[in-house]
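Values quoted throughout were computed directly from the atomic coordinates according to the rules given, and no laboratory measurement underlies them. This structure is a prediction, so every number in the text was calculated from the model and none was measured. Quick reminder, even Gly has a Cβ in these numbers, built from the backbone with ideal geometry, and neighbours come from all protein chains shown.
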Amino acid sequence: MAINSAIRKQFFPSEGEPRYSGVNMWRGVTRWKPMLSGASMVRRLAVARAKMVIYPIRQASGADGLQLINWVAEIETETYRKRDWTRPGSIEDFIGAFADWHFDWLDVPAFIRAADSVLEFPMVDQDPAAALELRPGDLARRCRAPDGAARLQRRRTGDPGCARAGLGGARKRRSRCRARRV
C-alpha cells in the first residue's frame with residue numbers, strides 16, 4: 001500500500017507508525033557523462049555502514065552528451081524523521097560516508113553534489129495489510145471504499161465481491177454492490 005495511505009488508516013486505525021530499520025536513504029538524479037558502458041548499473045558497499053546504487057534512466061541526448069542517472073545512498077544512522085517521499089535531503093548529512101569514493105570512471109562525491117535535488121527517506125517496515133485483523137463492518141464498507149480498498153479486501157478474503165464492479169466508477173460500483181448484498 002501507499003505511503004501514508006488514507007485507505008490503510010481506515011482499515012487499520014490502530015496500526016501505528018512503521019518500525020525504523022536504522023537505515024536512512026537519500027536519492028537523486030544527476031546529469032552526468034555516461035559511465036563505463038553507458039548502460040551499467042553500479043552497486044557498491046562500504047563495510048556495513050554505507051551502500052550506493054547508481055544506474056542510468058535516460059540515454060545521453062543533445063550536444064552535452066549527458067545521461068540522466070538515478071542514485072540511492074543508504075547509510076546506517078540512529079536519526080529517524082517521519083517518512084515522507086518528498087522531504088528534501090541535505091547532502092551534508094551523508095556525503096562523508098562517500099568522501100573517498102573516487103574511481104577512474106566516477107568521482108562519487110562530485111557526482112552526488114551535481115544532483116538537481118536530493119530527497120531523504122527512512123527505510124521502514126510495516127506488517128503486510130493481509131496479516132492484520134478485520135474490524136466488524138469492514139466487508140460492508142468495502143463497497144463504498146475506493147478501488148484500492150476493494151482490491152485489498154479481495155486479496156485478504158479471496159472474495160471477488162464488489163471488486164468486479166470497480167471498472168465502472170463509484171456510482172455503478174455501489175449500485176452493483178447493493179444488489180449483491182441480498
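Some values worked out for this structure:
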| read-out | value |
| --- | --- |
| Cα convex hull of region 19-125, projected area averaged across orientations, nm² | 7.0 nm² |
| Estimated distance in nm for a label pair at Ala6 and Glu76, the labels positioned 7 Å out from Cα along Cα-to-Cβ | 4.0 nm |
